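The values are calculated or read from the model by the stated rules, or taken from the named source; none is laboratory data. Quick caveat, the model's predicted, so the values are computed rather than measured. Using ideal geometry, Cβ is built from the backbone for each residue, glycine included, and neighbour counts are taken over all protein chains shown. Please note that ligands, DNA and RNA were not included when accessible areas were found on the heavy atoms of the full protein model with its side chains. Shrake-Rupley method; radii C 1.70, N 1.55, O 1.52, S 1.80 Å.
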Amino acid sequence: MPPHLLTDYLFVLVFLLVGFVFATIPVLLAVLITPRGTGLKKLISYESGMIPIGQAWIQFGVSYYLFALVFLAFDVDVLYLFPALVAYGSFPWRDLIGIFLFVGILSLAIVYAWCKGVFEW
Amino acid sequence: MVERFETPPPVQLGILNQMLDLCRANSLWPMTFGLACCAIEMMAAGASRFDLDRFGAGVFRPSPRQSDVMIVAGTISKKMAPIIVTLYDQMPAPKWVVAMGNCAISGGPFAYEGQYAIVNGADRFLPVDVYVPGCPPRPEALIQGLLELEDQLTGGAKRNYLRRFKRHPGNDQE
């Protein structure tokens with residue numbers, strides 16, 4: 001490895017170290033110079049002063065998860081249309097057919113979800 | 001006198017503590033909660049006409065984790081008292097309590113024989129630093145109370161260098 005590459009990595013190391021120190025010092029300072037509250041109920045989660053009921057680890061309806069996945073399918077559709085539009089140009093008809101093929105293949109994910117009955121709840 | 005439930009900081013230097021107290025005094029962050037009609041006056045004190053922000057104390061926080069002043073604004077029912085204690089416990093130290101209005105000071109009009117629902121004063125269960133009398137107190141009174149708290153922190157009006165104007169006309173000796 002050429003030496004100048006090594007110094008480049010050294011810069012990264014120095015950057016990491018400085019970042020670590022920069023993040024740690026305020027935390028340490030706060031621990032050292034602030035008084036600490038020792039109230040009995042300090043560490044329970046904040047529910048406007050009420051005692052929390054049950055745990056945060058509860059079951060959610062699975063349809064929310066499916067909803068997120070379907071959104072992802074639409075989202076990826078839109079995302080991939082941007083590069084397609086940038087490449088669109090010299091051969092309009094060929095590119096149009098290409099885009100329709102592309103979107104059609106991507107839409108199969110939605111069709112699959114449709115067939116599985118995701119849209120019915 | 002109620003115990004404060006605070007451990008002192010590991011590092012204590014006189015001048016450093018004074019500087020920190022000066023900083024704390026000039027950016028008191030009250031917690032957003034009201035118990036009764038005093039809260040209306042507290043809101044007025046925070047709004048544009050009376051403008052608590054002039055004194056650095058207008059940043060009402062919606063969570064006790066971010067606030068250091070608890071303004072007990074109103075009547076404390078026996079049902080509400082443990083909730084207020086929880087909120088006080090959840091505030092990070094250093095923290096201060098302002099008892100606003102007669103109810104929070106001593107029960108006010110609810111302090112009578114055979115009364116069964118109201119706690120007669122916040123200092124029965126919280127370490128109160130400043131009492132603001134009134135039923136309800138005017139917003140100016142609350143502002144005066146917070147300035148009093150700042151004076152307690154910095155050790156007197158003369159020590160609070162960031163206040164360039166005279167706060168106690170005719171009472172500069174203190």
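Averaged over peptide B:83-95, the number of partner chain Cβ atoms lying within 10 Å of each residue's Cβ comes to 6.
Taken over the protein assembly as shown, lysine pairs spaced eight or more positions apart, or on distinct chains, with alpha carbons under 28 Å apart number 11.
Remark: mean inter-chain Cβ contacts per residue of A:38-47 equal 6, using a 10 Å Cβ-Cβ cutoff to other protein chain atoms.
Highest mean first, the peptides A:102-111, B:89-98 sorted by other C-beta atoms within 10 Å per residue fall in the order B:89-98, A:102-111. The residues of chain B present an accessible area of 50 Å² per residue when probed at 1.4 Å with all protein chains retained. Can you give the local net charge around B:M100? Use residues other than it whose beta-carbon is closer than 13 angstrom to its beta-carbon, Lys and Arg +1, Asp and Glu -1. In short, -4. Phi angles of region B:75-87 translate, via the Karplus equation with coefficients 6.51, -1.76, 1.60 and θ = phi - 60°, into HN-Hα couplings of 6, 9, 7, 5, 6, 7, 4, x, 5, 5, 4, 4, 4 Hz per residue; Gly and Pro are given as x. Taking packing as the residue-averaged number of other Cβ atoms within 10 angstrom, the listed peptides B:42-54, B:110-122 run from highest to lowest as B:42-54, B:110-122. Distant-in-sequence amide contacts of B:I118, defined by a placed amide H-H separation under 5 Å and a gap of 5 or more residues or a different chain, comprise B:K78.
Here the peptides A:9-18, A:41-50 are ranked by packing, the mean other Cβ count within 10 Å, and the order with the highest first is A:41-50, A:9-18. Annotation: amide H of B:E6 within the under-5 Å range of A:T38, sequence separation 5 or more or interchain, hydrogens built in the peptide plane. Counts of other chain beta carbons within 10 angstrom of each beta carbon in peptide A:27-35 average 4. Amide H to amide H distances under 5 Å link B:W96 with B:V69, B:M70, where only residues 5 or more positions off or on other chains count and H is placed in the peptide plane.
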